Structures are given as structure tokens and as C-alpha cells.
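Take a look at the structure set out below.
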Amino acid sequence: MNRLKIISGHLSPAGSTDHERDLWGSTCGSGPAGSSGPEDVVVVHGLRTATGRAKRGSFKDTTPDELLSAVMTAVLKDIGLSPNQLGDVCVGNVLQPGAGALMARVSQFLSGFPETVPVYTVNRQCSSGLQALFNIAGAIRSGSIDLGLACGVESMSLRAMGNPGDLSSRLVDIDKARDCIIPMGITSENVAERFGVSREKQDAFALGSHQKAARAQSAGRFREEIVPVTVTMVDDRGEDRAVTVEEDEGVRPGTTLEGLAKLRPVFKPDGSTTAGNSSQVSDGAAALLIGRRAAVKALGLPVLGVLRASAVVGVPPDVMGIGPAVAIPAALEQAGLSVADVDVFEINEAFSSQAVYCVEKLGIPPEKVNPNGGAIALGHPLGCTGARQVVTLLHELRRRGRRAYGVVSMCIGTGMGAAAVFEHPGP
Amino acid sequence: MKVFRSPARHGYAVEASPFVPSRSACAASQFYGLTGCGSLLVLDQTETDVCLVTSWEWSDGLFDVAWSETNEHVLVAGGGDGSLQLWDTANHSAPLRVAKEHTQEVYSVDWSQTRGENLIVSGSWDQTVKVWDPALSRSLATLRGHEGVIYSTIWSPHIPGCFASASGDGTLRVWDLKAAACRLAIPAHSAEILSCDWCKYDQFSPFSRSVLASCSYDFTVSSLHRLVGRRFSRASD
């Protein structure tokens, strides 16, 4: 064994002369990613609502518990699983008081879940929907549960990023603390300036997002992942109207570069960040059923995706948009993969500036990034987004019909980044 | 192309006989040297192919072989059990002598090349270098200094009592037997150094006698000028 250790030590990266290397057994032709075990955390199924335009769109008068309830019910109904089987439910949310802990419990009862199923919420800002998945995965890995729902929901119509809470007055004396309350748009300007992302590049990226989303929409690619929801909205005359929402409302097929170029910068007089190259303010929910592979198999349920890596990193708050550029390499390293191994990257388009920076910094071929559009066209309902990205990613990988890896990543306000690597097993 | 296949044995080292032009010796191991036995093969090249003259089995893998510079029948081999064995092609059955002093695999053996000496040097994964008399009676010196497994020990073809070693600690070292000390330690590579050799030609430059080359797992080959330990050329792919 020692001779094997010495020789396998040759395979370590240059610069390391440490001979104490961990050897692990793995199935032929693969490392941690690609091998299949009963303890794997797998995604069984995932669905989302359409994203509505906040304040003006169809969900403007809909409380988040209704949106959440719709997706939770739909996911379980689709696969014929009773909610009794759920060990826990975690919901990502940012704007509701207490990150929506009460709202989530109400929501599960709207779905008719028994009181024996617990629920809680998590707030890691824009990554909350993905963090919910990490949390459920963690509970599965630590053996507390076998199956859980990871969800995300946000109504940006009913709540805004207004009240920062109770903060110490010392905040102004400490740079990094003060940077946490910089408006997100200013962080976008900071990234654009510091890393040289031009207005033209940002607008081009935004155009791409709308074009890809429009193509996906008209090709009906979102139909299998969107749960139609019937809600009440108060129309212009003040009257209640029932409406069934099944299409993302933010997509603008008619977007042009000229049109985008005409928009004025929103956050800084001579800046480059406009309403056109920023993510939209939206309402929406998404839910994913996650389980331990052995338990999923025992119930005869399918495997849509396998969680291969999860990473959360910290970055300077004043350029929070670079988060994915740090989180994605961390997650890939964990999975033992490189950019070339990954087929699809769902990188949240908080702002074109940061999305372009991250894609270029990591050398990701643009055709791999958000093939069905991103938050600029589809919207960014804060707590929902992470879960929404996983839903869209896995459905896309399944459509491609072969074994493939995908990455979900986003920047996080106050200076963090999160990323996850998923494997779709193929048919 | 003439080929000799040794079934179930994977070759680790080959050396041509200084006396018989067509002859070479090959140290080989079972299971890629990771476990199992070893064989020492003596081969002759003919016009058309390579044939086996004689061979011996050893209970552990064999990693290096060196011919004697003074006796055409004698060779020394280094094994995975830490032993050096002296073999005689005129005496077929058993080794002339087995010396077990190294505590780990002997990865390199070399016979001195300079006129005044007749010595064997061995390099081991136990991080020591040992110098032996040609009868392998006992080691004359044990030299320490390397901080990693030693992959290669080579006598200088010009400078008596001088040899170089290459190690997993990333350094090339040049040793002086008389002082029983390391004269030069060169951090030549950023990864393990697997092999080194001296330039035996003293014709093409005033520096040739002092040139040492090494290659490493960091994908580079390095040529160093011994006297100043300075790298003057580096090739990588």
C-alpha cells in the first residue's frame, strides 16, 4: 500500500511534496463525481411557477404562501408521493418578516400537508432557494431525514428591500460593514468599472438573455417545468379578476440593442447599469423533492439529478457580483470537474455586468450559459431564484437526453457567492 | 524493431554491458512493481531479434540494475525489499551476495565510472544514499540529507568520488564521497524529480563536465551547471 501511495503521489498537483495522500476506492473510470452510491443526495423532481412582474404583473396581489403551496402540491402530486414521507421542508425567502417562517407553515397547511411534517425557512439573500437545497441535502447526509422539499418563494410586489433592520451605528466606521448597505446597483457599477465591463457588452448580454428566453418560451420548453396557478388580481378598475398564470411575464421578445442603448443608467449618472441590463423585480416560487438515493429507489421514484458538489464563498461586499467567479471553481474542485466537463451553467443574471465578468473570468463558452435565458428576461424573485435555477437546469439536461453535468450559481448581496454541481444521469 | 517480451513482468531499468556490445540487463517487476516478485534478465541482441541469455527471480520487485565496470559477468540490482544483490552470469543459480541495509525500496544502483574508483552507489526510498565496495560486503558510507524518496543516484563520469541524486523532495543533490557530505542541493523542480544524469562529453564546452540534467513530474527537463547550481536551460512540453 505504501508503494502505491508513493507512486500515486506523482499525480498530485505540482508543488506539493506531501506523500500522505488519501487513497479512495471508486468505481472504474470515475472519481467522486460520476460514481453512484446509495448515500447520494438526488433530486427526484422539481417545478416552478411562472415568474410574474412585481407590482404590475399577474401575481401582484398574490401572497407568497399561495405561490409556494401551488408548487409544493404539484411536485408531490406529479410523482404520486404522499407528504407524510417528507422528513423536512426548507423554504428560501428574503423579504418576508422572519424570512417567512410563519408564511411557510401556513403554506404547507394550504397544501394539506399533515402537521407532522416540519418546515423552516432560510435566508442567504439571493441564494436562499439554493441554500434550502443545501440544507435539505445536509440533513439527508447527516442521516436525520430521507426525503425533503427544498423550495424558494418571493413576492416582491408585496414586500420590498426596505427595512434593513436594527444595525449598529458603528457600521459607518468599518468599511466592510458599511459596504453591506450599498445598493445592489452600485455594486454592479463597481464591478463594471473595476473589471472593465462596457455598457455595450452588458447590453449585448441582456439582449441574449431575452432572445434565449423568448426562443425557449415559444418552443414550449418551459411548459413541463411551470405549474399553472390561478390567482386573483385587482385590475385597474379596482375589481377582482381571476387569472391563470402559466407563462413568464418578463420576457421581451422585441428587445433590441438600440432599445437597450437608449435606457438611462439608474444608479449612477455616468454609469452603465440600466433597467434593461439588470435583473427584473419579480414574484415566483419553486420546489424540489430531494432524497437519499436508497430511499428514493425503495419508493420506486426516478432520479432527475444528483448533487455532486456545493460551495458557498465570501467576496468583498462592494463587488458582490463576482461571487460566482469564486464559488464555481470551488464547487468544480469539490466535484473533481473542470469547466469543460460541464454542459450547462445556470448563472444568475443579477446584473449583466457581473454575469459577463464571471463568464469571462472563468472562460466559460457563452453557449453553455443560461441557454434558456436568465434573470434579466425571466426575473429574479429573490428567495425563489436558486430553486428556480435548479428546476430549469435539470429539465434542460433531461431534454438533452444524455448524462451531463450542470452548475447553478449566483452572487449574493452583502458579498458572497454560491454554486452547486449537479449530474443528470441520462436515460 | 527488435522486441523482447517478458510475460507478467514490467520493466523498470535497462543497462547496456560495458564489455559485450550486444548485451544488456533488464530489471523487471511483477504487477508494475507495486507488489509481487521481480526478475533480472540478461539479454543479447542479434541481427534479427533479442534473446534471453539468462535470468534470475527475486522475491520482490527489482527497480534498477548496473553492470560492473571491472568484471564482465557481474551486475548489481536494487530491489523493493531494500536489498542490493550481486549477480554473476557465470554462476547461474543464486546471487553472489545480498546486502540488506536499506530499510525501504532501492530505486537506483550505479557503478562508478571513474578510473580510480570501483564503487557502487545506491539510492533508496528510505531517503538515504549508500556507497558500497564492489563485493557488497557492507556499505562504506550512508549519506543523509534528502527529505524525500530518492529516485536516482548517478556517479559523475569525470569527477572521482562525486555523484548526483534526484529525489521526491524536488532537489538534485551533488555529493562528495571523501567528505561524506552533500556539496550542493539544488531545488531544481517544483515536483518530484524522477531522473538525473551527467553529461559525459567534455568536448563541446568548458562547462560540459559539470552539466547535470534532470527531469521531473512538473513536466520540465532541467540542465544545470553544477559549479554554480544555476539552471541555464529548461525545456518543458
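Values as computed for the structure displayed
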{"quantity": "Test: residue in the stretch A:24-34 that is at pLDDT 50 or above, of a type in the set (Ser, Thr, Tyr) and either in a loop (DSSP other than H, G, I, E, B) or at positive phi (or both)", "calculated": "no"}
{"quantity": "Selected residue [of a type in the set (Ser, Thr, Tyr), within 13 Å of another protein chain (Cβ to nearest Cβ) and either crowded, with 22+ Cβ neighbours inside 10 Å or part of a strand (DSSP E or B) (or both)] from B:195, B:165", "calculated": "B:195"}
{"quantity": "Lone unmet requirement of (1) over 12 Å from the mean Cα position of the chain (by Cα); (2) at negative phi for residue B:163", "calculated": "(1)"}
{"quantity": "Of all residues making up the stretch A:393-427, the number that are closer than 27 Å to residue A:176 by Cα and assigned to a loop (DSSP other than H, G, I, E, B)", "calculated": "3"}
{"quantity": "Considering residues of the stretch A:135-149 that are part of a helix (DSSP H, G or I) and surrounded by 24 or more Cβ atoms within 10 Å (Cβ to Cβ) only, the residue nearest to the chain's Cα centre (by Cα)", "calculated": "A:136"}
{"quantity": "Residue check, residue A:20 at pLDDT 85 or above and of a type in the set (Asp, Glu)", "calculated": "no"}
{"quantity": "Among (1) surrounded by fewer than 23 Cβ atoms within 10 Å (Cβ to Cβ); (2) of a type outside the set (Phe, Trp, Tyr); (3) touching a residue at least 40 places away in the same chain (Cβ under 8 Å); (4) more than 14 Å from every other protein chain (Cβ to nearest Cβ), the one test that residue B:95 misses", "calculated": "(3)"}
{"quantity": "Leading residue by the ranking (surrounded by the fewest Cβ atoms within 10 Å (Cβ to Cβ)) among those in the stretch A:314-355 that are under 26 Å from residue A:192 (Cβ atoms) and free of Cβ contacts under 8 Å to residues at least 40 places away in the same chain", "calculated": "A:339"}
{"quantity": "Qualifying positions in the stretch B:140-162 - part of a loop (DSSP other than H, G, I, E, B) and either buried (at least 20 other Cβ atoms within 10 Å of the Cβ) or within 14 Å of another protein chain (Cβ to nearest Cβ) (or both)", "calculated": "B:146, B:147, B:148, B:149, B:156"}
{"quantity": "Identity of the residue in the stretch B:1-34, within 12 Å of residue B:63 (Cα to Cα) and within 14 Å of chain A (Cβ to nearest Cβ), that ends up nearest to the chain's Cα centre (by Cα)", "calculated": "B:12"}
{"quantity": "Test result for residue A:177, crowded, with 19+ Cβ neighbours inside 10 Å and over 18 Å from the mean Cα position of the chain (by Cα)", "calculated": "no"}
{"quantity": "Subset tally (residues that are without any contact (Cβ under 8 Å) to a residue 40 or more places away in the chain and in contact with a Leu (Cβ under 9 Å, 6 or more places away or on another chain)) for the stretch A:135-173", "calculated": "1"}
{"quantity": "Single residue of the stretch B:98-116 satisfying the filter (within 14 Å of chain A (Cβ to nearest Cβ) and among the β-branched types (Val, Ile, Thr)) that is surrounded by the most Cβ atoms within 10 Å (Cβ to Cβ)", "calculated": "B:106"}
{"quantity": "Test: residue in the stretch A:119-131 that is in a strand (DSSP E or B), of a type in the set (Lys, Arg) and out of contact with any Gly (no Cβ under 6 Å at 6 or more places or on another chain)", "calculated": "yes"}
{"quantity": "Residue identified as closer than 23 Å to residue A:129 by Cβ and either at pLDDT 95 or above or part of a helix (DSSP H, G or I) (or both) among A:286, A:340, A:294", "calculated": "A:286"}
{"quantity": "Residues satisfying the stated conditions in the stretch B:117-139, i.e. within 14 Å of chain A (Cβ to nearest Cβ) and at positive phi", "calculated": "B:127"}
{"quantity": "Residues being over 17 Å from residue B:72 (Cα atoms) and modelled with pLDDT of 95 or more - total across the stretch B:110-124", "calculated": "4"}
{"quantity": "Every pair of residues 6+ apart whose Cβ atoms lie under 9 Å, when the first sits in the stretch B:110-131 and is within 13 Å of residue B:82 (Cα to Cα) while the second is surrounded by 21 or more Cβ atoms within 10 Å (Cβ to Cβ) and of a type in the set (Lys, Arg)", "calculated": "B:122/B:130; B:123/B:130; B:124/B:130; B:129/B:173"}
{"quantity": "The stretch B:52-91, subset assigned to a loop (DSSP other than H, G, I, E, B) and among the polar types (S, T, N, Q), residue nearest to residue B:123 (Cα to Cα)", "calculated": "B:68"}
{"quantity": "Residue check, residue A:390 in a helix (DSSP H, G or I), touching a strand residue (DSSP E or B) at 6+ places or on another chain (Cβ under 7 Å), without any contact (Cβ under 8 Å) to a residue 60 or more places away in the chain and β-branched (Val, Ile, Thr)", "calculated": "no"}
{"quantity": "Residues of the stretch A:339-393 classified as aromatic (Phe, Trp, Tyr) and over 16 Å from the mean Cα position of the chain (by Cα), total", "calculated": "1"}
{"quantity": "Selection from the stretch A:285-307 of residues that are surrounded by 24 or more Cβ atoms within 10 Å (Cβ to Cβ) and within 16 Å of residue A:386 (Cβ to Cβ)", "calculated": "A:285, A:286, A:287, A:288, A:289, A:290, A:305"}
{"quantity": "Conditions (1) in contact with a Ser or Thr (Cβ under 8 Å, 6 or more places away or on another chain); (2) of a type outside the set (Asp, Glu); (3) closer than 26 Å to residue B:80 by Cβ; number of the one not met by residue B:137", "calculated": "(1)"}
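The values are calculated or read from the model by the stated rules, or taken from the named source; none is laboratory data. None of the values given here were measured: they were computed from a predicted structure. Glycine also receives a Cβ, built like all others from the backbone with ideal geometry; neighbour counts cover every protein chain displayed.
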